[in-house]
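Participant: Supplied in structure tokens, the structure appears directly below.
The values are calculated or read from the model by the stated rules, or taken from the named source; none is laboratory data. Only a predicted model underlies this, so the values are computations on that prediction, with no experimental measurement involved. Cβ sites come from the backbone with ideal geometry, for glycine too, and all protein chains shown count toward neighbours. Accessible surface areas use protein heavy atoms only, side chains included; no ligands, DNA or RNA. Shrake-Rupley method; radii C 1.70, N 1.55, O 1.52, S 1.80 Å.
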Amino acid sequence: MMVNNEKITLIFCCILSACSLSPDTAIQNKMADAYSLHNDDIEQRAEQIGSFLRDLKVEGYIHKKPEALRVDLVYDTYLVHKPLSFKGQKVVVLEEEYFTQWVGCCIAPGGSIYFEKTKDLKEIQDYAKQAKCRVSKADELLETLKRDGVKNHLPKAEYYELRCKDMG
């Protein structure tokens, strides 16, 4: 038979475990931080995104190697293989653009989150404004993936890009 203090402790532990962050919430918090621009430091954001993508690889959300590697523009494309949402939207593709060596011009270090619209865009637009990113319609996502040789099973849907590659 439990004493009152033991019952209170047991109840407190149950409440505490129920209130802890779910894995999806923890991932979303990491994503929000990784794609945010801190102190207008674009290179830092690019490093944060790279680190976040490495975490997703370990956790099985994306493959260890990109589905597409575009040497001409130096960006990697990753299909999302486990359910992942961000600001209420279904994340389907992650893209990272980075410097490895000077290729001439036009590199915008950072990343993009491509998502299928599943609800109103206000929450993700508010985040984009705060994080110095842009949200735009991604009408050509499926065609671009096909052109880049990415085999996918994404349905025809309304896709958007959250682009965090420059100062927004």
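Participant: Regarding the stretch 159-167, can at least one residue be identified that is open to solvent by 40 Å² or more (accessible area, probe 1.4 Å) and part of a helix (DSSP H, G or I)?
Facilitator: No: zero hits.
Participant: Considering each residue of the stretch 131-168, count those that are of a type in the set (Ser, Thr, Tyr) and at pLDDT below 95, and give that number.
Facilitator: Adding up the residues that qualify gives 1.
Participant: Can we say residue 132 is out of contact with any helix residue (DSSP H, G or I) (no Cβ under 6 Å at 6 or more places or on another chain), under 19 Å from residue 85 (Cα atoms) and open to solvent by 60 Å² or more (accessible area, probe 1.4 Å)?
Facilitator: Details: out of contact with any helix residue (DSSP H, G or I) (no Cβ under 6 Å at 6 or more places or on another chain): yes; under 19 Å from residue 85 (Cα atoms): no; open to solvent by 60 Å² or more (accessible area, probe 1.4 Å): yes.
Considered against the rule, which asks whether it is out of contact with any helix residue (DSSP H, G or I) (no Cβ under 6 Å at 6 or more places or on another chain), under 19 Å from residue 85 (Cα atoms) and open to solvent by 60 Å² or more (accessible area, probe 1.4 Å), residue 132 comes out as no.
Participant: Of the conditions (1) in contact with a helix residue (DSSP H, G or I) (Cβ under 7 Å, 6 or more places away or on another chain); (2) open to solvent by less than 10 Å² (accessible area, probe 1.4 Å); (3) at pLDDT 90 or above; (4) not polar (S, T, N, Q), residue 124 clears all except one; give me its number.
Facilitator: It fails just one condition, (1).
Participant: Given the options 27, 62, name the one that is within 11 Å of the chain's Cα centre (by Cα), open to solvent by less than 90 Å² (accessible area, probe 1.4 Å), of a type in the set (A, V, I, L, M, F, W, C) and at pLDDT below 95. If you could, list the steps in order and put the result at the bottom.
Facilitator: Working: 62 fails: at pLDDT below 95.
Checking each option against the conditions leaves just 27.
Participant: Go through the stretch 9-24 residue by residue and tally those that are at pLDDT below 55 and part of a helix (DSSP H, G or I).
Facilitator: The qualifying residues number 11.
Participant: Within the stretch 37-51, how many residues are of a type in the set (A, V, I, L, M, F, W, C), in a helix (DSSP H, G or I) and crowded, with 19+ Cβ neighbours inside 10 Å?
Facilitator: So the count comes out to 2.
Participant: Between residues in the stretch 147-158 that are open to solvent by 40 Å² or more (accessible area, probe 1.4 Å) and residues that are assigned to a loop (DSSP other than H, G, I, E, B), which pairs lie under 7 Å by C-beta distance while being six or more apart or on different chains?
Facilitator: Correct list of pairs: 158/117.
Participant: How many of the residues making up the stretch 136-145 are assigned to a helix (DSSP H, G or I) and surrounded by fewer than 12 Cβ atoms within 10 Å (Cβ to Cβ)?
Facilitator: 1
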